[in-house]
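**Student:** Submitted below is the structure of interest, expressed as structure tokens.
The values are calculated or read from the model by the stated rules, or taken from the named source; none is laboratory data. Since this is a predicted model, take the numbers as computed values, not measurements. Using ideal geometry, Cβ is built from the backbone for each residue, glycine included, and neighbour counts are taken over all protein chains shown.
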Amino acid sequence: MNDSKKSSQVSGFYKMPIKKRVEFVKKYANLTNEEEKLFSSCLDLETADRMIENVLGTFELPLGIAVNFKINGKDYLVPMTIEESSVVAAASNAAKIARIQGGFTTECTDPLMIGQMQVVKIDDVAKAAQSIMNHKKELLELANAQDKILVKFGGGAKDLEVRILDSPLGKMIVAHIIVDVRDAMGANAVNTMCEALAPMVEELTGGKVRLKILSNLADKRIVKAKAVFDKEKMGGEKIVDAFIQSYILASIDPYRAATHNKGIMNGIDSVIIATGNDFRAIEAGAHAYASRNGQYTSLSTYYKDKNGNLVGELEIPMAVGIVGGAGNIHPKARLCKKILGIKTAQELAEIVASVGLAQNFAAVFALSTVGIQKGHMSLHAKNIAVMAGASGDLIEKIANQLIKEGNIKLDRAKEIFNEIK
């Protein structure tokens, strides 16, 4: 399918049988027959055994597709891996509302990661810090000698910073090497450079380099996503006002902000896992960034534009890669990257941030109107029906009855199941 003719806007995708959904994605992403088979296959044990230690088997999570996404004028079908009901549907619906006003727009910094070298046992920390900065050029050259291929593609060590920190053990130095990692997540390249620099840093400072490792607070690798959510589609300006009132609590109260940001990460982690990236690193960086001003707060911001529409913005560190790591080993991760059609790590970061904003909007929208349980538990009804013993067509029948009664509970599902039997 020609890229210019691709559209992620799909009506009733969730109503299609799984086979039809797979056929749609296959045509959209120009998948081969072998790639199509991956949707119903498991990770083979030989590959799993190369990925981690002590392998016994594999653990599958649902892989779904979020539709309707338009990001920077380009359509995307977005693979999402998650076990929680309603997340994929909610993100798709949010993207549908954002699409009315043009979809999502994004911007992304260069892929700069920070490597830390902790220097302890220093007699004169000020003199030692200055000595490091006096030899900045030589240190950067030594770092870049560790990865000439990265440098060839425009990446490599770009800068060096020095911090002096007080601690219970006395003053210490933390030197930061700033590395452009291009399309990698960057951990291996940065860690290698830190370890290579350690002997020279010790010689310059007269101290001992203890930790030599990348930081997951990637605050020099920031992605921003923005969308305008149509007020009429939301239900009018009163609904927009209710939404903003709900958002404000997350901006001032850490107890609400934690749950608010969890909604953002529902969307983000789903894409991160699907593409074989490190969701723990992304989570750590996101929550640290949310606390950067001294109090944990919302990662997103909402306000009204001059027309009364809701504007949502998300700013977050995003250390993702499209080369190396599990994303190049796991067959389904490779498949998901092909469905996205991504060419750079920055493009992936922009997609991930857009999904995070979409999911956050959907959650707060539900909370501001019908409440989270109506949508969430309606989708959960099928799981309750299965837990009650239903299979086949009975699952849908019992779930519909539970939804109709507004009583989505296991004991009621068992009663219905027994009545039908």
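**Student:** If you go through segment 50-96 one residue at a time, how many are more than 23 Å from the chain's Cα centre (by Cα) and at pLDDT 95 or above? Please lay out each step first, then the result.
**Tutor:** First pass over segment 50-96, keeping only residues more than 23 Å from the chain's Cα centre (by Cα): 50, 53-57.
In the following step, the residues that additionally are at pLDDT 95 or above were identified as 53-57.
Looking only at that region, the number is 5.
Yes or no, residue by residue, for (1) free of Cβ contacts under 8 Å to residues at least 40 places away in the same chain; (2) of a type in the set (D, E, K, R); (3) within 15 Å of G356 (Cβ to Cβ):
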position: G206; (1), (2), (3): no, no, no
position: A227; (1), (2), (3): no, no, yes
position: K238; (1), (2), (3): yes, yes, no
position: Y255; (1), (2), (3): yes, no, no
position: I273; (1), (2), (3): no, no, yes
position: A290; (1), (2), (3): yes, no, yes
position: Y302; (1), (2), (3): no, no, yes
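**Student:** Given the condition farther than 20 Å from E83 by Cβ and touching a strand residue (DSSP E or B) at 6+ places or on another chain (Cβ under 9 Å), answer yes or no: does some residue in segment 40-48 qualify?
**Tutor:** no
**Student:** Then there's this: Which of the residues belonging to segment 144-163 are more than 16 Å from V174 (Cβ to Cβ) and of a type outside the set (D, E, K, R)? Before you say what the answer is, go through the steps one by one.
**Tutor:** The initial filter retains those residues of segment 144-163 that are more than 16 Å from V174 (Cβ to Cβ), namely 144-158.
Passing the criteria: N144, A145, Q146, I149, L150, V151, F153, G154, G155, G156, A157.
**Student:** A further question on this structure: State the number of residues belonging to segment 94-134 that are in a loop (DSSP other than H, G, I, E, B) and out of contact with any strand residue (DSSP E or B) (no Cβ under 9 Å at 6 or more places or on another chain). Can you show your working first?
**Tutor:** Step one: list which residues in segment 94-134 are in a loop (DSSP other than H, G, I, E, B), which gives 101-103, 109-111, 121-124.
After this cut, where a residue has to be out of contact with any strand residue (DSSP E or B) (no Cβ under 9 Å at 6 or more places or on another chain) as well, the list is 123-124.
Going through segment 94-134 one residue at a time, the tally reaches 2.
**Student:** Moving on. Any idea how many residues of segment 1-40 are on the phi < 0 side of the Ramachandran plot, surrounded by fewer than 10 Cβ atoms within 10 Å (Cβ to Cβ) and not charged (D, E, K, R)?
**Tutor:** So the count comes out to 7.
**Student:** Please determine whether any residue of segment 75-83 is farther than 25 Å from E347 by Cβ and out of contact with any Cys (no Cβ under 6 Å at 6 or more places or on another chain). Talk me through it step by step, then tell me what you get.
**Tutor:** Keep residues of segment 75-83 that are farther than 25 Å from E347 by Cβ, which gives 83.
If we keep only those that are out of contact with any Cys (no Cβ under 6 Å at 6 or more places or on another chain) as well, we get 83.
Scanning segment 75-83, I find at least one residue that is farther than 25 Å from E347 by Cβ and out of contact with any Cys (no Cβ under 6 Å at 6 or more places or on another chain), so the answer is yes.
**Student:** A further question follows. Conditions first: (1) polar (S, T, N, Q); (2) modelled with pLDDT under 85; (3) in the same structural domain as A95 (by TED's automatic domain parsing). S354 passes all but one, so which condition is the exception?
**Tutor:** (2)
Residue-by-condition table, conditions (1) farther than 24 Å from K208 by Cβ; (2) among the acidic types (D, E); (3) surrounded by 17 or more Cβ atoms within 10 Å (Cβ to Cβ):
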| position | (1), (2), (3) |
| --- | --- |
| E107 | yes, yes, no |
| P111 | yes, no, yes |
| M117 | no, no, yes |
| A128 | no, no, yes |
| F153 | yes, no, no |
| S167 | no, no, no |
| G170 | no, no, no |
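**Student:** Please indicate, with yes or no, whether at least one residue in segment 259-269 is part of a helix (DSSP H, G or I), in the same structural domain as A90 (by TED's automatic domain parsing) and free of Cβ contacts under 8 Å to residues at least 12 places away in the same chain. Give the steps one after another, and end with the answer.
**Tutor:** Going through segment 259-269, the residues part of a helix (DSSP H, G or I) turn out to be 259-269.
Still in the list and also in the same structural domain as A90 (by TED's automatic domain parsing): 259-269.
Narrowing further to those that are free of Cβ contacts under 8 Å to residues at least 12 places away in the same chain: 259, 262.
Within segment 259-269 (the criterion being part of a helix (DSSP H, G or I), in the same structural domain as A90 (by TED's automatic domain parsing) and free of Cβ contacts under 8 Å to residues at least 12 places away in the same chain), the answer is yes, since at least one residue qualifies.
**Student:** What residue, among those in segment 163-200 that are assigned to a loop (DSSP other than H, G, I, E, B) and not aliphatic (A, V, I, L, M), is farthest from I122 (Cα to Cα)? Steps first, please.
**Tutor:** Step one: filter segment 163-200 for residues assigned to a loop (DSSP other than H, G, I, E, B), giving 166-171, 181-183, 185-186.
If we keep only those that are not aliphatic (A, V, I, L, M) too, we end up with 166-168, 170-171, 182-183, 186.
Details: D166: 12, S167: 13, P168: 14, G170: 9, K171: 8, R182: 35, D183: 37, G186: 30 Å.
Of everything passing the filter in segment 163-200, D183 is farthest from I122 (Cα to Cα).
**Student:** Assigned to a loop (DSSP other than H, G, I, E, B), among the hydrophobic types (A, V, I, L, M, F, W, C) and within 28 Å of R221 (Cβ to Cβ), is that true of I408?
**Tutor:** Details: assigned to a loop (DSSP other than H, G, I, E, B): yes; among the hydrophobic types (A, V, I, L, M, F, W, C): yes; within 28 Å of R221 (Cβ to Cβ): no.
No; evaluated as a whole, the condition is false for this residue.
**Student:** Taking A286 as meeting all but one of (1) in contact with a strand residue (DSSP E or B) (Cβ under 7 Å, 6 or more places away or on another chain); (2) touching a residue at least 40 places away in the same chain (Cβ under 8 Å), write down the number of the exception.
**Tutor:** In the conditions (1) in contact with a strand residue (DSSP E or B) (Cβ under 7 Å, 6 or more places away or on another chain); (2) touching a residue at least 40 places away in the same chain (Cβ under 8 Å), A286 misses (2) alone.
**Student:** Now a separate question. Looking at (1) in contact with a strand residue (DSSP E or B) (Cβ under 6 Å, 6 or more places away or on another chain); (2) surrounded by 15 or more Cβ atoms within 10 Å (Cβ to Cβ), which is the only condition R182 fails?
**Tutor:** Answer for R182: the failing condition is (1).
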